[in-house]
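Here's the structure, in structure tokens; my notes come after.
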Amino acid sequence: MPSDMRIGLGTDLHRLVEGRSLWLGGVEIPSDKGADAHSDGDVVLHALTDALLGAAAISDIGELFPDTDPALAGIASATMISEALAQVHAAGWSVVNVDVVVELQSPKLRPHRDSIRARLAELIAVSADRVFVKAKTGEGLGAVGEGRAVSAQAVVLLEAVK
Ligand code: MG
């Protein structure tokens, strides 16, 4: 009998502005611009949180952590993904693997790839060989290409715990 598996997809985008830190996958990336957000604006963690919640058909990040709730103002993205993961685990699922694409014109993310993979693996309690991260530029086109935005897409595969 085939094992029960579920796939989830999440995306996120934030405007890039000067004077903010750039956080991607729980790692601070040296950059002259960062995401404009009430939280740390970590598009990788936000996309992955949505992918986890969607794969388990539990909820989505906007419903679970509404930005209209003053109690949640400034909530860390690491806290959001930890709470989402706890709900996914409680529903009987474990994470098989995660794949992430970041769209960012600059800086280059390749030098930071392994540190982002390691931090993501830590946050979702899997080994780093189950996590991959790659980056694409916007080829100078559109909001990403013009350096006005950073975005991320994440897919996650869940397996039912026996
Ligand atoms: Mg976001």
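The values are calculated or read from the model by the stated rules, or taken from the named source; none is laboratory data. Since the model is a prediction, treat every value here as computed from it, not as a measurement. Don't worry about glycine lacking a Cβ; one is built from the backbone with ideal geometry, like all the others, and counts go over all protein chains shown. For accessibility, only protein heavy atoms count, side chains too; no ligands or nucleic acids. Shrake-Rupley method; radii C 1.70, N 1.55, O 1.52, S 1.80 Å.
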Gain in span if fully extended, SER127 to ALA90, counting 0.36 nm per residue against the direct Cα distance: 11.3 nm
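Evaluate the relative contact order of the chain (contact order divided by residue number), counting alpha-carbon pairs under 8 angstrom at least 6 apart; express in whole percent.
Relative contact order for the chain comes out at 33 percent.
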Helix 43-55: inclination vs the chain longest Cα principal axis, degrees, rounded to 10, gives 20 degrees
If one computes the Cα centroid of region 51-92 and of region 1-37, what distance in Å separates the two points? 14 Å
How far is helix 77-90 tilted off the main Cα axis of the chain, in degrees rounded to 10, range 0 to 90? 10 degrees
In whole percent, the fraction of accessible protein surface over the chain that belongs to carbon or sulfur atoms, probe radius 1.4 Å, stands at 52 percent
Equivalent-ellipsoid semi-axes (√(5λ), Cα gyration tensor) for the chain, whole Å, largest first? 26, 18, 13
How far apart, in nm, are two points set 7 Å out from the Cα along the Cα-to-Cβ line at ARG15 and at LYS136? 2.4 nm
State the extension gain, in nm to one decimal, for the chain segment bounded by GLU146 and SER82, taking 0.36 nm per residue of separation less the distance between their alpha-carbons. 19.8 nm
Between 0 and 90 degrees, rounded to the nearest ten: what's the tilt of helix 113-124 against the longest Cα principal axis of the chain? 40 degrees
About its Cα centre, how strong a charge dipole does the chain have in debye, to the nearest 20, once Lys and Arg get +1 and Asp and Glu get -1 at the Cβ? 520 debye
With the 1.4 Å probe rolled over protein heavy atoms, the chain has an accessible area per residue in Å² of 51 Å²
How many lysine pairs in the chain, separated by 8 or more positions in sequence or lying on different chains, have Cα atoms less than 29 Å apart? 5
